[in-house]
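Let me begin by presenting the structure, written as structure tokens, before commenting on it.
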Amino acid sequence: MKRGILFFITFIFCLLIFTACGGKTDNKTGEVKKDTLIIAQGSDAKTLDPYSSNDSASTRVTMQIFDPLMKLDKNANPIPCLAESWERPDGNTIIFHIKKGVKFHNGDEMKASDVKFSLERALSSPIMHEVVKGISSVELIDDYTVKVTTEKPMAAILNNLSHDNIVVLSEKLTKEAGDSFGRNPVGTGPYKFVSWESGDRITLEAFPDYWRGEAPVKNVVFRNIVEETNRTIGLETGELDIIYDVSIMDKNKIRGDKNFTLIEAPQARTEYLGFNLKKTPFNNPKVREAISYAIDQKAIIDTVYLGSAEAATSIIGTQISGHVDVEKFTQNIEKAKELLKEAGYENGFKTKIWTSDQPVRRDIAVILQDQLKQVGIDVTIEILEWGAYLDGTARGDHEMFLLGWTTVTRDPDYGVYQLVSTNSQGSAGNRTFYSNQKVDELLMAGKTELDPVKRNEIYKEIQEIIRKDIPMYMMVYPMQAVATQKNVKGFKLGTAHSFEIYEVSIEQ
């Protein structure tokens, strides 16, 4: 009798534990159904205000909470989202017709006034201003129609307005929240914000009145698990359902396990070594060129990526329109030493390289440290927490740094302008603090040129100048890899570094 009671109590306890970890009981069958999707990524979000940060860790969460006016299809063509349709009566005007009946998470209906507020907020945002720069006015025609006027024709405006961070906010709720909005976001997206335990997890819940229909999975939890191996272990133990940025070392193990699905694809991303051109000796172009000749891309690709990356040949990759292969650097130790001698550093120098606490970049930093030592450059590696890393590189506290850039819009304007324009120095993207008047002029010409052939010629010239000036050393175009439990269905990879969860379901 006692044994039976003990068994019953144990059974009930286990059932409660399982239910608390993401399950609910079906009233008809009595089975416990999983209704929580647990996703792990390598960094915590910096903020959940899309206009206050443009990093991948934040965007991967905010894109579940908010919607943009339009999205990009697989061919980088803008398609409707919150904007039902649009027309361009002339080169400087776009009229957007907004979907009716779309609700914010508090139940308020989205109106054209919210779109106007959001675009004007983008224009005033240090982070996103350059994406929408050129818009001269946003006017309300009626509750569901917005007129956007640009100073000059903007070749990439529709792609730019498809950016994951150019989303529609509630004017009322954003103003009421003030500085706390980034911790208490409210949008129109498929999931609404529930809670944020800094450094650990962000919890979202399906919005039942979502305009496309309620998401298949009720709860989504984003876990912050820095170590790639620990994310893989979490997948193996069943603690995690999806892991982002799969460890290169773990790919084959996951690929060969019938319990998991490994999804790989190229991405519109470039990983680079940046130089702070405001600091000595990196303000000397010969030093930057010497470092570029000291680096062996193949060693990085073979050792860190195990072949899952392509040697970078320009500031933008092959996934971006207008890409051209410029002259590549091939490791040449003697030439690197000669350039350092010409620059006045025959005996080398000491410096620091900053990296975030992401294992891949830490491994790259170690390889670079060894390669630069061969030419007399003594490198100390400093690993910073992601938020501190972004803040420090935006201020210009660094010397050298490792970072990547994803051209979310799939257009060269965003892929190049943010990284090298004088106007985007700091948090907007240009963390090398590079400035070249000719490049700035070409970038502005690229923004307004509507002829595709002429526009490609402009970006070809820009890429050639960047190769000559070397504000950063372009290392690789990495593959992206995500792994899921076998019962997770509907997960798709795009070319950007952030992913939608709306269509994902859990097979019971």
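No value in this document is a laboratory result; all are computed from the given coordinates. Predicted model only: the values in this text are computed from it and were never measured. Here the Cβ is made from the backbone with ideal geometry for all residues, glycine too, and neighbour counts use every protein chain on show.
The convex hull around the C-alpha trace of the chain, projected and averaged over every direction, spans 26.4 square nanometres. Which pairs, out of 133/468; 350/438; 279/447; 251/489; 100/147, put more than 24 Å between their alpha-carbon atoms? Correct reply: 133/468; 350/438; 279/447.
Ellipsoid fit via the Cα gyration tensor, region 343-387: semi-axes of 23, 11, 6 Å, each the root of five times an eigenvalue, largest first. Distance between the C-alpha centres of region 31-62 and region 462-480: 29 Å, rounded to the whole angstrom.
With each label modelled as a point 7 angstrom along the Cα→C-beta vector, the residue 493-residue 450 pair spans 3.8 nm. Of the trypsin sites (Lys or Arg not before Pro) found in region 304-382, the ones in coil according to DSSP and having at most 16 other Cβ atoms within 10 Å of their Cβ are 328. Using Cβ point charges alone (K and R +1, D and E -1), the dipole size of region 269-479 about the Cα centre works out to roughly 220 debye. Across region 66-174, Cα-Cα pairs farther apart than 23 Å form 19% of the total.
Remark: region 297-352 projects, on average over all directions, an area of 5.8 nm² (convex hull of Cα atoms).
Can you pull out the GluC sites (Glu not before Pro) in region 205-234 whose DSSP state is coil and whose Cβ has at most 16 other Cβ atoms within 10 Å? Within region 205-234, the qualifying GluC sites (Glu not before Pro) (loop, at most 16 other Cβ atoms within 10 Å) are 214, 227. Computed about its Cα centre, the charge dipole of the chain is approximately 740 debye, with only Lys, Arg, Asp and Glu carrying charge at their Cβ. Taking every C-alpha pair closer than 8 Å and separated by at least 6 residues, the mean separation divided by the residue count of region 406-508 gives a relative contact order of 19 percent.
The share of C-alpha pairs in region 113-235 whose separation exceeds 17 Å stands at 68 percent. Sparse packing (at most 16 other Cβ atoms within 10 Å of the Cβ) combined with a DSSP loop state is found for the following GluC sites (Glu not before Pro) in region 84-155: 151.
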